[in-house]
Amino acid sequence: MKKLTVLLVAAGFAGILLGELSVDEIVERANQASYYAGDDGSADVTMTITDKGGSTRSREFTVLRMNTGAGTQKFYVYFNKPADLYKQVFLVWKEVAEGRDDSRWMWLPALNLKRSIAPGDKRTSFVGSDFVYEDVSGRNLREDIHELVETTADQYVVKNTPVKPEAVEFAHYTIWIDKATMLPRRAEYYDKTGKLSRTVEATKVETIQGFPTVVESVAKDLNSGSTTVNTYAAIKYNIGLNERIFTERFLRRPPREAIR
């Protein structure tokens, strides 16, 4: 037993020397790379939704994001097109503390209405696309149990199982994380029967202002046959956004940073 203990300690020490990461460190770094680059940022997004029959619909919107300390963030999404979504705003105050839910609101100008998005609705479709609301600002790492299932020369493969399976539509999901950039390159979601039901993939990545950045992503609903492609342009980091932008006041009157 003593010999086994010595071997285990030695193996752990060797792992530290080789710079091996724990699964929690891997998912934390991937989360930082995906959602926290710079102090703030902006991007113009063109969203194209293609149904099973080949018919397409598009949306164009601007995303503003600001880190507000200790992992918290705020997001402001302003829709420019199509006409029925024009001036619609999606606002997120992202929390990371245990026991606290993110706050999400949608401003619907046609109805002159501010609608809160309940925590249980964050896994529903984002403006009719194959992305969900939670994809916009990210999923809290505390909500899943993470398991490193494979390490290759280029990628980490992590299985994520929800702590509260009754709160989500999937049983688990697997992500492939690029070792060089720490960006997740593919996610596969499995339903309660074990069937692959949805995928999200970063299909194009570029380095912008020193940050590896997804410039095209694709979500597929394998049950409906629908596919959504997001193309990102005019991406900027560290632009000095004012936190007052991310308040109720600017739901009705978009800031100049959101208008293109």
Scanning the stretch 79-99 residue by residue, those within 20 Å of the chain's Cα centre (by Cα), surrounded by 13 or more Cβ atoms within 10 Å (Cβ to Cβ) and not in a strand (DSSP E or B) turn out to be GLU95, VAL96
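Determine if the stretch 218-230 includes at least one residue that is in a helix (DSSP H, G or I), in contact (Cβ under 8 Å) with a residue 60 or more places away in the chain and over 20 Å from the mean Cα position of the chain (by Cα).
no
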Only residues that are crowded, with 16+ Cβ neighbours inside 10 Å and among the small types (Gly, Ala, Ser): list them for the stretch 39-78, please.
GLY41, SER42, ALA43, GLY71
Apart from one, (1) of a type in the set (A, V, I, L, M, F, W, C); (2) within 26 Å of PHE211 (Cα to Cα); (3) surrounded by fewer than 17 Cβ atoms within 10 Å (Cβ to Cβ) all hold for ILE145; the odd one out is (2)
Restricting to the stretch 34-78, and then to whatever is under 18 Å from VAL218 (Cα atoms) and hydrophobic (A, V, I, L, M, F, W, C), can you tell me which residue is farthest from the chain's Cα centre (by Cα)?
ILE49
Given the criterion of a type in the set (S, T, N, Q), in a strand (DSSP E or B) and farther than 28 Å from PRO119 by Cα, identify the matching residue among THR199, THR203, THR174.
THR203
Scanning the stretch 123-148 residue by residue, the ones that are in contact with a Ser or Thr (Cβ under 7 Å, 6 or more places away or on another chain) and modelled with pLDDT of 95 or more total 6
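The values are calculated or read from the model by the stated rules, or taken from the named source; none is laboratory data. Source: prediction; values computed, not measured. Virtual Cβ from ideal backbone geometry, glycine too; neighbours counted across all protein chains shown.
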